[in-house]
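So the structure is just underneath, and the comments pick up after that.
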Amino acid sequence: MDGKHLKRKDPFCVEISDFQRTAPMTELSAHLPQFQHGQLTENFPDNHLSNTQESMSSALFNTDQNDNSERRRHDNNERRRNDNPESETNGQPQNNIQQVVEQDEEEDEELTLKYGAKHVIMLFVPVTLCMVVVVATIKSVSFYTRKDGQLIYTPFTEETETVGQRALNSILNAAIMISVIIVMTILLVVLYKYRCYKVIHGWLIISSLLLLFFFSFIYLGEVFKTYNVAMDYITVALMIWNFGVVGMICIHWKGPLRLQQAYLIMISALMALVFIKYLPEWTAWLILAVISVYDLVAVLCPKGPLRMLVETAQERNETLFPALIYSSTMIWLVNMAEEDPEAQRKTSKNSTYDKQAPANQTQNEDDEADDGGFSQEWQQQRDNRIGPIESTPESRAAVQALPSNSQTSEDPEERGVKLGLGDFIFYSVLVGKASATASGDWNTTLACFVAILIGLCLTLLLLAIFKKALPALPISITFGLVFYFATDNLVQPFMDQLAFHQFYI
Amino acid sequence: MGAAVFFGCAGIAFGPALALVLLTVAAEPLRVIVLVAGAFFWLVSLLLASLIWFVSVHLSDREDAKLQYGLLVFGAAVSVLLQEVFRFAYFKLLKKADEGLATISEDGRSPISLRQMAYVSGLSFGIISGVFSVINILADSIGPGIVGIHGDSPYYFITSAFLTMALVLLHTFWGVIFFDACEKRRYWCLGLVVASHLLTSGLTFLNPWYEASLVPIFIITLCTGLWAFVTAGGSFHNVLKCLSCKQEDDSRVMMYSALQVPFED
């Protein structure tokens, strides 16, 4: 129990406090099977100009950061700071391991359920903000509700003579879109499996460039048009340049946590607006429904692409793509020696930090031969860069004796929850479409909003109970769709009649 | 018209609710969750009630105005009853959640008491009910138009705002009284709450005769408020103590045992 409270005094947090955020590729760690691990989902092409991967991921992560026990404090070696992304090469696995351990089941259960409320709010706020931005834009800027054509992924028009033809067209559109998504996801998994990291990075960077510069330029232009603001190109260029460059830095490299979260929310909103504009009505609802089914399948089935992606990432002890995941707290880069399968494979000594053999720990803590979870390759790299330095238990003890001036809070509530950006995007698409096309207008929008929040709450509750990666779309989208159609067709006439007579219920 | 009416009516309708939320609910995550879940329950009850109304309208003669009016009244009554049923269902759920939270917490106490949950759930019902009643009206009030040009009352917006405010407060009070009555199994209290809800809704049928509808509704609000205050443990003595801002000598002993302070209710 003490260990849990003391864990935040880990002096390695001193170094972490120097920078708010680490390099994206090393931030998210793939957790080991015992712990909550997350999965990423589909790859979502946004327009015909390029395939972007921005709206990947619709899964929920629960990271227990630094949920150490006391014995783990002794195990913490020097934290590796990966601030030069060029150290990644194709084929080289990243060795950033962030491991979490739950102490006893009972305390664990108490913690996850006790702190569940705070995490729910940590996700409510950004989801609400994203939806507010989208709805505010839809209501004020008419560009996003104007029909200006469709994406090439939805080639069939919905302006047909008969209802049957329209239904057929929308089903075909949805089928094409979903198959594109499936193909993209499988492509991503294949690229990841064969370690083509450069291709994936390039893909991510191109898509975030597109969103941060091009789409935000269009958005800004439309907002200026709506409010009739006179603006010159030089000012706009300056604004977009600054916005885009700071966004790229925050998302792909380091930046203040709040700024990064704000940028992720903004690009999710921009992406959602693109979908709302270019997807015709029936197609949009169908796609939402099918995507939540796909999400369920892809994340939970053993052969689902996203599950395979996460398992591969876990085997290699690598992080998944941070540019596509919203994280509610800072990620700590503490290399923990425990349960590193590579280390355990490579070294033939007893695993010092074996969870199943806590009896060994005290005598093995001074075991000089443990590599602390760093693989041989990493150690060679480190030796090449900064010279051979070996961390001994004495040096570790000395460092740990340093006072910690970490500015982070020390309570275990700092564990974070992660939500994929795809979830943000689809939630916002649902609410945005509801506000754009519903006859019930604000009633429908609010009903969908409440439904999505409740779905998110339930998903987080399931996450706390099952402690594995879960798809965040199905429950929310189902509730959202049910409430949309029910409110638009049933509640709206009723409330309309009541308001007409000024009756209150 | 325009922004002045919009902001004024929005302030009247949701001012107390916003203040209550900002001061008492927003800071605590658990209360926010109870708030949102309460809104969800109210929405489900409204959905069912509208379904019943919709089916009944479609099964009936559309041209008969009196019949449609009667069906609307019937729909409103069904909605009120369903709201109370779902309030009871929410009570059951919160009670279970309370027990669950108590068992898994460190000191055997749930982080939120049933009374707080009663208050927040009542507030949530009130807010969502008020929002659904008045938000489209507020949205229309921003735009151009003349109120009551066809002979209806020109005071539509302001009376709607006041009615909404009364409704929000009433739901809050009803929540407190209802949960307390369910806890203590005082079924006559339950019946009284349901009856007062029906009465309030019925009084709105007298609109636009606002003297007959608004004034009694506000009287009901005041009475229910006093009743809820007494139910929640308040008394004249408490109010005096609060107003006089006197620091009372704490005669309790602080126990310096393992991280425990005496249980404060």
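Annotations for the structure displayed:
- Acute angle (nearest 10 degrees) that the helix B:156-184 long axis makes with the longest principal axis of chain B, alpha-carbon atoms: 40 degrees
- Spatially, the stretch A:251-284 and the stretch B:15-66 are offset by 30 Å when compared through their Cα centroids.
- Taking every residue in B:27-40 and counting other chain Cβ atoms within 10 Å of its Cβ, the average works out to 5.
- Against the main long axis of the alpha-carbon atoms of chain B, helix B:114-142 sits at an angle near 30°.
- With all protein chains modelled, accessible area of A:H201 [1.4 Å, Å²]: 40 Å²
- The stretch B:12-128, accessible area per residue, ligands and nucleic acids excluded (1.4 Å, Å²): 45 Å²
- Computed from the C-beta positions of A:I152 and A:L458 and an R0 of 30 Å, the FRET efficiency is 0.25 to the nearest 0.05.
- Virtual paramagnetic centre 7 Å along Cα→Cβ of B:R186, amide N under 13 Å, in the stretch B:166-180: B:176-180
- Protein accessible surface hidden between A and B, which excludes ligands and nucleic acids, total in Å², probe 1.4 Å: 3800 Å²
- With contacts taken as Cα pairs under 8 Å at a separation of at least 6 residues, the stretch B:7-161 carries a relative contact order of 32 percent.
- Based on C-alpha pairs under 8 angstrom that are at least 6 apart in sequence, chain B has a relative contact order of 23 percent.
- Separation in nanometres of the label points that stand 7 Å from Cα toward Cβ, at A:K118 and A:T145: 4.1 nm
- Sequence of B:R62, B:R31, B:R186, B:R87 from largest to smallest accessible area, 1.4 Å probe: B:R62, B:R186, B:R31, B:R87
- Here the label points at A:V163 and B:I219, each 7 Å from Cα along the C-beta direction, are separated by 5.2 nm in the simple model.
- Degrees between helix B:29-59 axis and first principal axis of chain B (Cα, 0 to 90, nearest 10): 30 degrees
- Solvent-accessible surface of protein heavy atoms, probed at 1.4 angstrom with all chains present, puts A:K139, A:K303 in the order A:K303, A:K139, largest first.
- MRE, 222 nm, helices only [DSSP H, n ≥ 4, -39500 (n - 2.57), over chain B, to nearest 500]: -26000 deg cm²/dmol
- At a probe radius of 1.4 angstrom, the accessible area of the stretch A:178-336 per residue rounds to 40 square angstrom.
- Heavy atoms of B:W227 accessible to a 1.4 Å probe, total area in Å² rounded to 10: 70 Å²
- Three-way shape call for the stretch B:1-103 based on the alpha-carbon gyration tensor, with the a/c threshold at 1.5: oblate
- Shielding by partners for peptide A:442-452, expressed as the average number of C-beta atoms from other protein chains within 10 Å of each residue's C-beta, is 4.
- Charge dipole of chain B (Cα centre as origin; +1 on each Lys and Arg Cβ, -1 on each Asp and Glu Cβ, all else neutral): 320 debye, rounded to the nearest 20.
- Given A:K139/B:K66; A:K139/A:K225; B:K96/B:K184; A:K118/A:K139; B:K92/B:K241; A:K303/A:K468, the pairs whose alpha carbons are separated by over 26 Å: A:K139/B:K66; A:K118/A:K139; B:K92/B:K241
- Using heavy atoms of the protein chains and a probe of 1.4 Å, the accessible area assigned to B:I146 is about 120 Å².
The values are calculated or read from the model by the stated rules, or taken from the named source; none is laboratory data. Bear in mind the structure is a predicted one, so any value in this text is a computation, not a measurement. Virtual Cβ from ideal backbone geometry, glycine too; neighbours counted across all protein chains shown. These accessible areas exclude ligands, DNA and RNA; they are computed on the full protein's heavy atoms, side chains included. Shrake-Rupley method; radii C 1.70, N 1.55, O 1.52, S 1.80 Å.
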